[in-house]
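Below is one structure, written out as structure tokens; the observations come after it.
Read the figures in this text as sums done on the coordinates, not as results from a lab. These figures come from a predicted structure and were not determined experimentally. Using ideal geometry, Cβ is built from the backbone for each residue, glycine included, and neighbour counts are taken over all protein chains shown.
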Amino acid sequence: MNISILYDLKKKSTFTWDELGKLVEMTPPGIRNAIKNNDITMSKLEKLAKAFQVPMSIFFEDEDLGVAEPVIEYKKLTTSLIDQKDKYIQRLEKDIERLESELDEIHALKKDSKCM
């Protein structure tokens, strides 16, 4: 088991040691010592994996494979894609509103021209 990968995950995240400690009901020094000594319970490791949004298997991979970096990159890319999708949807919604407004104006003009 390679829980030292938690150091890499923590460095690349916005979590503080206080936040991680509260998450697993440990003090900041306690969680750092647990990671340093490779001594942490599975339930706490599961909570940390969930917080970092990584699979539990990351802690059981060969440490020479460098799996933390790809997982973090994947998370960044998917987050970026989701943000782009949301912005695109907002643009489309604005376009729909504008086109509906233009269509309403056209209908009003046609109605006025028929009345004359």
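Points worth noting:
- Between helix 42-52 and the chain: long-axis angle, C-alpha atoms, 0 to 90°, nearest 10: 40
- Exposure proxy ranking, count of Cβ atoms within 10 Å, fewest first, for Ser57, Ser4: Ser57, Ser4
- Put in line by how crowded their Cβ is, counting other Cβ atoms within 10 Å and starting with the fewest, Leu109, Leu48 read Leu109, Leu48.
- Length-normalised contact order for the chain - Cα pairs under 8 Å, 6+ apart - percent: 26
- In order along the stretch 92-104, the Karplus-derived 3J(HN,Hα) couplings, from 6.51 cos²θ - 1.76 cosθ + 1.60 at θ = phi - 60°, round to 5, 5, 5, 4, 4, 4, 4, 5, 5, 5, 4, 5, 4 Hz, and Gly and Pro are given as x.
- Whether the chain is rounded, prolate or oblate, judged on the alpha carbon gyration tensor where a/c under 1.5 counts as rounded: prolate
- Model label sites at Trp17 and Phe60, defined 7 Å from Cα along the beta-carbon direction, differ in position by 3.0 nm.
- Dipole magnitude of the stretch 5-115 about its Cα centre (Cβ charges: Lys, Arg +1; Asp, Glu -1), debye to nearest 20: 240
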